[in-house]
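K.L.:
The following block contains the structure, expressed as structure tokens.
The numbers here are math on the coordinates, done by the rules we state, and not lab data. What you see is a predicted model, and the numbers here were worked out from it, not measured in a lab. Quick reminder, even Gly has a Cβ in these numbers, built from the backbone with ideal geometry, and neighbours come from all protein chains shown.
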Amino acid sequence: MSWYEDLNLWSGFSEVLFTPERERLAADVVATSPLFAFAPESRVLDQCCGVGVYTVPLARHGYQVTGVDLHPELLDRAAAACADAEVKASFLQVDAREYSSPDAFDVVVNMHTSFGYFEDPEDNLQVLRNAHRSLSPGGRLIVDLLSKETYASWAGTPKIVDVPGGMVVMRDRILDDWARYRTEWTLVRGNVAEHTSLTCYVYSAAELRSMFEQAGFEEIECFGDLNGGPYDGAATRLIVRGTKARPA
Ligand SMILES: C[S@@+](CC[C@H](N)C(=O)[O-])C[C@H]1O[C@@H](n2cnc3c(N)ncnc32)[C@H](O)[C@@H]1O
């Protein structure tokens, strides 16, 4: 089994991945960021939606949201979060390498480093191709991740994140001449420790831009935060946005 197929990683480490703080940030970003100011009632595909951190605020904003993810248990949590928030969204259990729905969406979002998971680089490119295929002409893809440039300042420095009743120790290591990284996570609660690790590609802005081009996107832009700030030395994330061309 590949690491991303392991539900224990996503649900066992939920408290560091899907935090109330991230929910508040996502709600704020969707309400105020120019990057998320889509046309009213836009059809939005939330690729690798997890427990719905972005699905809920996108649906609350009036967009017609479809959340897709590999893990049915996470989709159940996303559906429950939508029910709690009294908003509607649709959910599908799919593999992002395989799922596309031609011309079905105005926007595709892929948030919080949900990209670069697959060993074969062609599979990662396929996720972008599937997004391109799923967009109607003029539609946009937004990918948000930790990039080479934003990761470089702290890669290798262990981090400790407090979680209710315990802590998660995170250690990471750069692999393959900065092509990939491995993160080791240990959750310690009382005298019980749980361990997991994940290995992911890490892209520079230039590399991800080139993948967007290969997938067919045009008007490709890079931003350094979720509010659309510049991708410069102060960037905290890499957000790449591309457009599917309208026919000439
Ligand atoms: C870092 S989480 C981010 C979730 C969500 N986008 C967010 O902002 O909270 C990555 C998600 O990718 C999903 N995932 C992993 N491999 C996948 C695959 N092959 N196809 C679809 N989803 C996948 C995981 O189940 C997980 O929910």
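K.L.:
So what are the ³J(HN,Hα) numbers for the stretch 109-115, from phi and the Karplus equation (6.51, -1.76, 1.60; θ = phi - 60°), rounded to whole Hz, Gly and Pro as x?
P.N.:
Each residue's phi maps through the Karplus curve to give 10, 9, 10, 6, 6, 9, 9 Hz.
K.L.:
In nm, to one decimal, how far is the modelled label at TRP178 from the one at GLU41, with both set 7 Å along Cα→Cβ?
P.N.:
4.8 nm
K.L.:
Obtain the nm distance between the two label points defined at THR186 and ARG246 by a simple spin-label model: each point lies 7 Å from its Cα along the Cα-to-C-beta direction.
P.N.:
5.7 nm
K.L.:
Follow-up. Using modelled backbone amide H atoms (1.01 Å from N, in-plane), which distant-in-sequence or interchain residues come within less than 5 Å of GLY67's amide H?
P.N.:
For GLY67, whose amide H was placed from the backbone, the distant partners under 5 Å are ASP46, SER90, PHE91, LEU92.
K.L.:
So between ASP232 and ALA31, what do we pick up on full extension, going 0.36 nm a residue minus the alpha carbon distance?
P.N.:
Working: separation 201, 0.36 × 201 = 72.36 nm, distance 2.42 nm.
Answer, rounded to one decimal: 69.9 nm.
K.L.:
Which GluC sites (Glu not before Pro) does the stretch 3-60 hold that lie in a coil by DSSP with at most 11 other beta carbons within 10 Å?
P.N.:
GLU41
K.L.:
Also, I was wondering about something else. Nothing charged except the Cβ atoms of Lys and Arg (+1) and of Asp and Glu (-1): what's the magnitude of the dipole of the chain about its Cα centre? Round to the nearest 20 debye.
P.N.:
So the magnitude is around 320 debye.
K.L.:
Bin by bin, in steps of 10 Å, what percent of the Cα pairs in the stretch 157-248 do you find, going until the bin that has the longest distance?
P.N.:
14, 29, 30, 18, 7, 1, 0
K.L.:
Now a separate question. Under the 0.36 nm per residue contour assumption, what length would be gained going from the current alpha-carbon distance of ARG171 and GLU98 to full extension?
P.N.:
Between ARG171 and GLU98, full extension yields an extra 23.1 nm.
K.L.:
Mind ordering 24-32, 45-53, 223-231, 139-147 by average Cβ neighbours within 10 Å, highest first?
P.N.:
Peptide ranking by packing, descending: 45-53, 139-147, 223-231, 24-32.
K.L.:
Hey, what D do you get for the stretch 85-150 in µm²/s if you plug the Kirkwood alpha-carbon radius into Stokes-Einstein at 20 °C and 1.002 mPa s?
P.N.:
My calculation gives 164 µm²/s for D.
K.L.:
If packing is taken as the average count of other Cβ atoms within 10 Å, what order do 82-94, 158-170, 205-217 fall into, highest mean first?
P.N.:
The densest-packed peptide leads the list: 205-217, 82-94, 158-170.
K.L.:
For the chain, go through all pairs of different Cα atoms, get the mean of 1/r, take its inverse, and jot down that Kirkwood value in Å.
P.N.:
Hydrodynamic radius (Kirkwood, Cα only) of the chain equals 18.5 Å.
K.L.:
Follow-up question, since we're still on this one. Which value in Å does the Kirkwood hydrodynamic radius of the stretch 151-199 take, with 1/r averaged over all unlike C-alpha pairs and then inverted?
P.N.:
Every distinct Cα pair counted, the radius reaches 11.6 Å.
K.L.:
Sticking with the crude label model, points 7 Å out along Cα→Cβ, report the distance from LEU7 to ILE160 in nm, one decimal please.
P.N.:
3.3 nm
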